[in-house]
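The values are calculated or read from the model by the stated rules, or taken from the named source; none is laboratory data. Keep in mind that what you see is a predicted model, and the values were worked out from it rather than measured. Cβ sites come from the backbone with ideal geometry, for glycine too, and all protein chains shown count toward neighbours.
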Amino acid sequence: MILPREKAFTSAQLAEVEGILAEYGCSVTVIAGTTRTIYAISGDERDEEMVSRIEGLDFVERFDRIQAPYRLMHRASDLSSHRVKIGSAILGDGFHVIAGQCTIDPKNPQYFLETAHAVKEAGAVAIRGGVWKPRTSPNAYQGDDKALEILLRARAETGLPVSTEVMEDRHLQVVIDAGVDIIQIGTRNALNYGLLKQVGKGTAGTRMVVLLKRGMHMGPVDEFLCAAEYIAAGGNPNVVLCPRGTKPELDGYRNFPDESISPLLKARTWAPVVVDPSHSVGKAAYVPFASLAAAAYGADGLNVETHVCGSKGIGDDPKQSITPATLAKLIRDCKEIHSLSAGYLVPVQKA
Ligand code: PEP
Ligand code: MN
């Protein structure tokens with residue numbers, strides 16, 4: 001990655017850098033962070049001659065070579081001063097909660113709108129709602145474009161940012177055109193590198209946040225960070241990591257709860273961690289415990305399914321949505337626990 005001496009290169013400077021890199025089969029992606037612009041290199045960046053030619057340019061401050069398989073997401077990356085924002089909330093500063101229904105029922109929009117107002121009242125900073133759903137059975141409800149209008153109406157009525165999952169290029173284009181604030185990449189697509197690249201490219205240079213769920217079959221933590229790297233390398237550093245449980249499940253739970261990886265992630269990356277306790281345990285009664293554990297493990301927030309009347313919901317809502325009253329208590333209690341866990345330092349992993 002190349003760091004400019006000033007806040008960003010001029011177009012003539014960028015052209016000069018690109019010209020040199022091209023001679024060595026490399027290219028550059030411009031990544032605008034909150035404090036400075038950095039230039040990520042795609043290709044083999046180890047050629048000593050290339051490195052010294054770039055370092056010899058007087059408008060270049062530094063050529064950073066991080067040895068990890070993920071460079072931009074690494075805690076030693078110059079993106080580490082980048083802050084991901086959801087509306088006016090800065091992730092990493094306090095404990096923030098995204099809440100709302102698993103699935104927006106287009107036949108009953110009143111539930112989603114009531115839920116949106118209720119989660120705002122409970123203290124959530126953004127509203128989640130599934131427009132399109134990745135379902136195990138092709139015969140189960142798959143989502144509906146009409147639900148997007150309901151999501152946008154909830155944003156207009158509450159003034160809060162909204163989040164929804166995209167599974168394919170068409171969804172991505174629709175949410176980009178609609179200016180949806182948070183794009184969720186679900187557990188099933190966490191290793192869909194083509195989609196991750198498209199999401200990074202399609203949202204480059206915008207304020208859009210990408211909430212990346214951990215793949216349910218992912219192994220090492222680095223696999224998760226490499227998936228996030230695809231989004232950042234596409235040009236969007238507004239990436240949020242979302243552990244949501246893995247398989248095989250812990251007997252009695254829907255998945256194997258993995259909020260405990262939060263400090264491991266924080267040792268390796270600067271990216272905020274927002275835990276999904278709902279899919280992790282899969283039952284509303286256990287969600288508060290997984291949420292409190294996430295706060296104790298130092299996560300920066302939650303992505304939690306909530307419904308004003310879960311039994312009337314569709315998708316996961318009847319099983320795992322908590323009520324707005326539980327959410328309100330949980331947000332208060334998690335903030336308290338989070339302030340205690342914030343008093344412990346996370347080790348830093350070397351680059
Ligand atoms: C969801 O958030 O409703 C969802 C389907 O999540 P996951 O991809 O984690 O299963
Ligand atoms: Mn769900």
Task: Within region 315-347, considering residues that are surrounded by fewer than 20 Cβ atoms within 10 Å (Cβ to Cβ) and not in a helix (DSSP H, G or I), the one nearest to ligand 1 (Cβ to nearest atom) - done: Thr323
- [ ] Would you please name the residue that is surrounded by the fewest Cβ atoms within 10 Å (Cβ to Cβ), looking only at residues in region 94-137 that are outside any strand (DSSP E or B) and of a type in the set (Phe, Trp, Tyr)?
- [x] Tyr111
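What's the total number of residues in region 235-257 that are crowded, with 23+ Cβ neighbours inside 10 Å, in contact with a Gly (Cβ under 9 Å, 6 or more places away or on another chain) and not β-branched (Val, Ile, Thr)? Steps first, answer last, please.
Going residue by residue through region 235-257, those that are crowded, with 23+ Cβ neighbours inside 10 Å are 236-245, 257.
From what is left, the residues that are in contact with a Gly (Cβ under 9 Å, 6 or more places away or on another chain) are 236-237, 239-240, 244-245, 257.
Next, from what is left, pick out any that are not β-branched (Val, Ile, Thr): 236-237, 244-245, 257.
Result for region 235-257: 5.
Has region 19-28 got any residue that is part of a strand (DSSP E or B), under 18 Å from Gly234 (Cβ atoms), hydroxyl-bearing (Ser, Thr, Tyr) and in contact (Cβ under 8 Å) with a residue 60 or more places away in the chain? Walk me through it before giving the result.
Restricting attention to region 19-28, the residues satisfying the condition of being part of a strand (DSSP E or B) are 27-28.
If we keep only those that are under 18 Å from Gly234 (Cβ atoms) too, we end up with 27-28.
Then drop every residue that is not hydroxyl-bearing (Ser, Thr, Tyr), which leaves 27.
Still in the list and also in contact (Cβ under 8 Å) with a residue 60 or more places away in the chain: none.
So far as region 19-28 goes, no, none of its residues is part of a strand (DSSP E or B), under 18 Å from Gly234 (Cβ atoms), hydroxyl-bearing (Ser, Thr, Tyr) and in contact (Cβ under 8 Å) with a residue 60 or more places away in the chain.
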- [ ] Please enumerate the residues belonging to region 98-122 that are more than 16 Å from ligand 2 (Cβ to nearest atom) and among the aliphatic types (A, V, I, L, M).
- [x] Leu113, Ala116, Ala118, Ala122
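Out of Ala89, Ala12, which single residue is modelled with pLDDT of 95 or more, closer than 30 Å to Ala122 by Cα and small (Gly, Ala, Ser)? Talk me through it step by step, then tell me what you get.
Working: Ala12 fails: closer than 30 Å to Ala122 by Cα.
Criteria check complete, one pass: Ala89.
Go over the candidates Leu225, Leu302, Leu264 one by one and state the one that is within 16 Å of ligand 2 (Cβ to nearest atom), touching a residue at least 24 places away in the same chain (Cβ under 8 Å) and under 20 Å from the mean Cα position of the chain (by Cα). Can you show your working first?
On the way: Leu225 fails: within 16 Å of ligand 2 (Cβ to nearest atom); Leu264 fails: within 16 Å of ligand 2 (Cβ to nearest atom).
Among Leu225, Leu302, Leu264, only Leu302 is within 16 Å of ligand 2 (Cβ to nearest atom), touching a residue at least 24 places away in the same chain (Cβ under 8 Å) and under 20 Å from the mean Cα position of the chain (by Cα).
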Task: Residues of region 248-285 that turn out to be farther than 15 Å from Arg214 by Cα, part of a helix (DSSP H, G or I) and touching a helix residue (DSSP H, G or I) at 6+ places or on another chain (Cβ under 8 Å), as a count - done: 2
TODO: From (1) more than 11 Å from Val275 (Cβ to Cβ); (2) away from ligand 1 (no atom under 16 Å from the Cβ); (3) surrounded by 18 or more Cβ atoms within 10 Å (Cβ to Cβ); (4) without any contact (Cβ under 8 Å) to a residue 40 or more places away in the chain, pick out the condition that doesn't hold for Gly310.
DONE: (2)
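Return the residue satisfying two criteria in turn: it lies in region 286-307 and is within 14 Å of ligand 1 (Cβ to nearest atom) and assigned to a helix (DSSP H, G or I), and of such residues it is nearest to Pro106 (Cα to Cα).
Of all residues in region 286-307, those within 14 Å of ligand 1 (Cβ to nearest atom) come to 287, 290, 302-307.
Now drop any that are not assigned to a helix (DSSP H, G or I), which leaves 287, 290.
On the way: Val287: 26, Ala290: 30 Å.
Looking at residues that are within 14 Å of ligand 1 (Cβ to nearest atom) and assigned to a helix (DSSP H, G or I), I get Val287.
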Open item on the list: Cβ-Cβ distance below 6 Å, separation of 6 or more or different chains: which pairs start in region 125-151 with a residue that is touching a residue at least 12 places away in the same chain (Cβ under 8 Å) and end on one that is of a type in the set (Lys, Arg) and within 13 Å of ligand 2 (Cβ to nearest atom)?
Closed with: Pro134/Arg188; Gly143/Lys133
Task: Odd one out for Gly100, checked against (1) of a type outside the set (Val, Ile, Thr); (2) within 17 Å of the chain's Cα centre (by Cα); (3) modelled with pLDDT under 95 - done: (3)
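Consider Val125 carefully, then state whether it is farther than 30 Å from Thr29 by Cα, out of contact with any His (no Cβ under 7 Å at 6 or more places or on another chain) and either within 16 Å of ligand 2 (Cβ to nearest atom) or among the aliphatic types (A, V, I, L, M) (or both).
So Val125 does not fit the description; no.
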Task: Subset of region 35-49 that is within 11 Å of Asp78 (Cα to Cα) and in contact with a Ser or Thr (Cβ under 9 Å, 6 or more places away or on another chain) - its residue that is surrounded by the most Cβ atoms within 10 Å (Cβ to Cβ) - done: Ile38
- [ ] Identify the single condition in (1) modelled with pLDDT of 95 or more; (2) closer than 22 Å to Val84 by Cα; (3) in a loop (DSSP other than H, G, I, E, B) that Ile31 does not satisfy, given that it satisfies every other one.
- [x] (3)
